[in-house]
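To start, I am sharing the structure in question, which I have written as structure tokens.
All of the numbers you see were taken from the coordinates with simple rules; none came from a lab. From a predicted model like this one, the values you see are computed outputs, not experimental measurements. Quick reminder, even Gly has a Cβ in these numbers, built from the backbone with ideal geometry, and neighbours come from all protein chains shown.
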Amino acid sequence: MRRLALTVFWLAVAWPCMAARFQNGSFENASVDPDGSFVTLAVGSTQITGWTVVSGNIDYIGGYWEASNGARSLDLVGNQNVGGVEQTFDTVPGATYSVLFDVAGNPTGPPTIKPLTVSAGTVVQNYTFDSTGKSVSDMGWVTNQLTFTATGKSTTLSFISDTTGAGCCFGAALDNVRVSVIGLPAAAPVPLKWAAPLATVLILGLALLLYRRNL
């Protein structure tokens, strides 16, 4: 019975995350093809699956440089001084999440030090990447991490590079974004819409338990 109760509890915790899970962290899926080079996407674009372009525009990179993972990546600064992307996905309130992401910088122009601001909910953190000595065939990708605790049933994760005053238009490069749960709350509320499915799971589990005891 205890094992059954634990199973139902973890279903209650995980089920809210199934409706809109984090997706397309390597930017491989899109309704536009960068065609071996790159294409500039304007603010408001949702052509990269799961992501929205915010704050200016970005360059969606195909074969222009080596990606960290897969074949595609982003230059977060397009032909303006600022650009970025964001994605909203389901989270469990009170759960702690780890965001891993690979960063480099467009090595073909200034500034040398590429700025990157990453935010998840109320957590905001600034990063930089030094593109000295890097090239399109040797980007020097590095992995960074941001940790946050969800305060609601959904969280918006954003990556913005702002080179205003530092040179235009070669920003931070982004690829291989991964989101994972590293800590669950002591208890998580079960959304009303899942009450019936969870009740069904519980009833079936109890029936199976009674059946095995009668064998």
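Sort 28-38, 62-72 by the packing proxy (mean of other Cβ within 10 Å over each peptide's residues), most packed first.
Order by mean packing, descending: 62-72, 28-38.
Express in whole angstrom the spacing between the alpha-carbon centres of the range 48-86 and the range 100-153.
Using only Cα atoms to place each centre, the spacing works out to 12 Å.
OK, next. Could you pull out every residue, at least 5 positions away or on a different chain, whose amide H is within less than 5 Å of the one on Thr40? Hs are placed 1.01 Å off N in the peptide plane, and Pro or chain starts have none.
Hits under the 5 Å cutoff: Tyr60.
List the residues whose amide H sits under 5 Å from the amide H of Phe129, counting only those 5 or more places along or on another chain, with H placed 1.01 Å from N in the peptide plane.
Those qualifying (amide H under 5 Å, at least 5 residues apart or on another chain) are Lys114.
Also, I was wondering about something else. Across the range 41-54, in residue order, what do the Karplus-derived ³J(HN,Hα) couplings come to in whole Hz, using 6.51 cos²θ - 1.76 cosθ + 1.60 with θ = phi - 60° and x for Gly and Pro?
Going residue by residue, I get 10, 7, 4, x, 5, 10, 6, 8, 3, x, 10, 10, 7, 10 Hz, with x marking Gly and Pro.
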